[in-house]
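For reference, the structure discussed in these notes is given below.
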Amino acid sequence: MTVAILNASGCLDALVAPEVARSLDAFVTKTITPEPREGNPPVRFAETDHGMLNSIGLQGPGIDAFADEYLPRLEELDVELWVSVGGFSAADYARCCERLDERPSVAAVELNLSCPNVEEAPETAAELVAAARQATKKPLYAKLSPAQWDIAAAARAVVDAGADGLSLVNTLRGLALDPQTLAPLLGRAVGGYSGPGLRPVALGCVFACASAVDVPIVGMGGVTAGLDALELVAAGASSVALGTVLFSDPLAPGRVRRELAAEAVARGFQDTLEARATAVVRSGKSLEISANSTA
């Protein structure tokens, strides 16, 4: 079995770059909310020394327009589709999931529970997952923030509430200043930090959650090469998502997949998934990883 390569939500427009989307094992949409959103004011992107900041603000057409107009076009790409959904209340998440439940082309729903660029819902992550679980039978992946003291406890809570898997991690809140004026570079001042600097944080979060729960984990955060992907797998991920790298290297999915396979073989693994949770096992913190947790 091999590790699946996905994109991180919001890092690829499949309708603009369909060949890149087809090079993935599954395409994850940008986060869709119940109502249309214009998003945050510009400037929305800022480069940093070791990554980038973004402050899109969940711009999108709303769930009804997405389901009626955009989803049919995505279905023509003939690639597995995951839809990322978000909102500002449990009812918002439930509405989006209910709307997607009737669409066979949607293989999974990723619940964006941790966007740093908008106001958060008042409910806990577990309550949001529970509301979504009641609204759909589709697999649910909870996307968690690394900005919490005990992410393993959060993982246990959302899995107990009905999440079938985890997406780890979302961006971290950060700030970049103009070196001359010392004014924030982003229109909203702070934004979500991604890129290579996030990689050790992502590894720690995947490791903690894989030590706590036995569900599939999509690992993401600073992956630029096959060894980065293999490390996430060793920490407990069963799939790997590419994010910031896609802006500079749209051919990264194929390259990272090849490099990942070569790095695994070089370390004595017959396939890439055989390396899953190696770091967890060798730390003495491992759970029994079931066959169902590698989807």
Handout entry: From the options THR2, THR31, residue that is closer than 30 Å to ARG276 by Cα, open to solvent by less than 20 Å² (accessible area, probe 1.4 Å) and polar (S, T, N, Q)
Key = THR31
Completion exercise
Of the residues in segment 54-102, those that are outside any helix (DSSP H, G or I) and among the charged types (D, E, K, R) come to GLU76, ASP78, GLU80, GLU102
Practice task
For segment 271-286, name all the residues that are open to solvent by 60 Å² or more (accessible area, probe 1.4 Å), at pLDDT below 95 and out of contact with any Ser or Thr (no Cβ under 7 Å at 6 or more places or on another chain).
Solution key: VAL281, ARG282, GLY284
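Could you please let me know if VAL265 is aliphatic (A, V, I, L, M), without any contact (Cβ under 8 Å) to a residue 60 or more places away in the chain, under 30 Å from GLU19 (Cβ atoms) and assigned to a helix (DSSP H, G or I)? Show your work before the answer.
Details: aliphatic (A, V, I, L, M): yes; without any contact (Cβ under 8 Å) to a residue 60 or more places away in the chain: yes; under 30 Å from GLU19 (Cβ atoms): yes; assigned to a helix (DSSP H, G or I): yes.
Spelling it out, VAL265 is indeed aliphatic (A, V, I, L, M), without any contact (Cβ under 8 Å) to a residue 60 or more places away in the chain, under 30 Å from GLU19 (Cβ atoms) and assigned to a helix (DSSP H, G or I).
Examine segment 130-138 for a residue that is assigned to a strand (DSSP E or B) and either among the acidic types (Asp, Glu) or surrounded by fewer than 19 Cβ atoms within 10 Å (Cβ to Cβ) (or both), and state whether such a residue exists. Don't jump to the end; show me each part of the working.
Going residue by residue through segment 130-138, those that are assigned to a strand (DSSP E or B) are none.
For segment 130-138, residues assigned to a strand (DSSP E or B) and either among the acidic types (Asp, Glu) or surrounded by fewer than 19 Cβ atoms within 10 Å (Cβ to Cβ) (or both): absent.
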Handout entry: Count of residues meeting criterion [open to solvent by 10 Å² or more (accessible area, probe 1.4 Å), under 16 Å from GLU35 (Cα atoms) and in contact (Cβ under 8 Å) with a residue 60 or more places away in the chain] in segment 57-86
Key = 1
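If you take the residues of segment 164-178 that are open to solvent by 50 Å² or more (accessible area, probe 1.4 Å) and among the charged types (D, E, K, R), which of them is modelled with the highest pLDDT? Steps first, answer last, please.
Filtering segment 164-178 for residues open to solvent by 50 Å² or more (accessible area, probe 1.4 Å) gives 164, 173, 175, 177.
From the residues that got through so far, the ones that are among the charged types (D, E, K, R) too are 164, 173.
Details: ASP164: 98, ARG173: 94.
Here the answer is ASP164.
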Completion exercise
Filtering segment 16-48 down to residues that are in contact (Cβ under 8 Å) with a residue 60 or more places away in the chain and part of a loop (DSSP other than H, G, I, E, B) yields ALA17, SER23, LEU24, ASP25, THR31, THR33, PRO34, ASN40, PRO41, PRO42, VAL43, ARG44
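Considering only segment 93-119, state which residues are under 18 Å from TYR70 (Cβ atoms), among the hydrophobic types (A, V, I, L, M, F, W, C) and in contact (Cβ under 8 Å) with a residue 60 or more places away in the chain. So that I can check it myself, show each step before the final result.
Filtering segment 93-119 for residues under 18 Å from TYR70 (Cβ atoms) gives 95-110, 112.
Next cut, among the hydrophobic types (A, V, I, L, M, F, W, C) only: 96-97, 100, 106-109.
Those that are under 18 Å from TYR70 (Cβ atoms), among the hydrophobic types (A, V, I, L, M, F, W, C) and in contact (Cβ under 8 Å) with a residue 60 or more places away in the chain: CYS96, ALA107, ALA108.
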Practice task
Go through (1) open to solvent by 40 Å² or more (accessible area, probe 1.4 Å); (2) closer than 24 Å to MET1 by Cβ; (3) assigned to a strand (DSSP E or B) one by one and return the number of the condition ARG257 breaks.
Solution key: (3)
Completion exercise
Screening VAL206, VAL190 for residues that are surrounded by fewer than 24 Cβ atoms within 10 Å (Cβ to Cβ) and outside any loop (DSSP other than H, G, I, E, B) leaves only VAL190
Problem - Which numbered condition LEU53 misses (of (1) surrounded by 15 or more Cβ atoms within 10 Å (Cβ to Cβ); (2) in contact (Cβ under 8 Å) with a residue 40 or more places away in the chain; (3) out of contact with any Phe, Trp or Tyr (no Cβ under 6 Å at 6 or more places or on another chain)) - result: (3)
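Step by step: first the residues of segment 5-15, then only those that are part of a loop (DSSP other than H, G, I, E, B) and of a type in the set (A, V, I, L, M), then the one that is most open to solvent (accessible area, probe 1.4 Å). Which residue is that?
Filtering segment 5-15 for residues part of a loop (DSSP other than H, G, I, E, B) gives 8-15.
From the residues that got through so far, the ones that are of a type in the set (A, V, I, L, M) too are 8, 12, 14-15.
Values: ALA8: 11, LEU12: 29, ALA14: 1, LEU15: 56 Å².
The qualifying residue most open to solvent (accessible area, probe 1.4 Å) is LEU15.
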Practice task
Inspect all residues belonging to segment 36-48 and state whether any of them is touching a helix residue (DSSP H, G or I) at 6+ places or on another chain (Cβ under 8 Å) and open to solvent by 70 Å² or more (accessible area, probe 1.4 Å).
Solution key: yes
Completion exercise
Taking first residues from segment 189-215 that are within 11 Å of LEU53 (Cα to Cα) and of a type in the set (A, V, I, L, M) and second residues anywhere that are open to solvent by 30 Å² or more (accessible area, probe 1.4 Å) and part of a strand (DSSP E or B), the pairs with Cβ under 6 Å that are 6 or more apart or on different chains are VAL190/ARG173; VAL190/LEU175
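The values are calculated or read from the model by the stated rules, or taken from the named source; none is laboratory data. Predicted, not measured: the structure shown is a model, and the values here were computed from it. For neighbour counting, all protein chains shown are included, and Cβ atoms are generated from backbone atoms with ideal geometry for every residue, glycine included. Areas reflect the complete protein model, heavy atoms only, side chains present, ligands, DNA and RNA absent. Shrake-Rupley method; radii C 1.70, N 1.55, O 1.52, S 1.80 Å.
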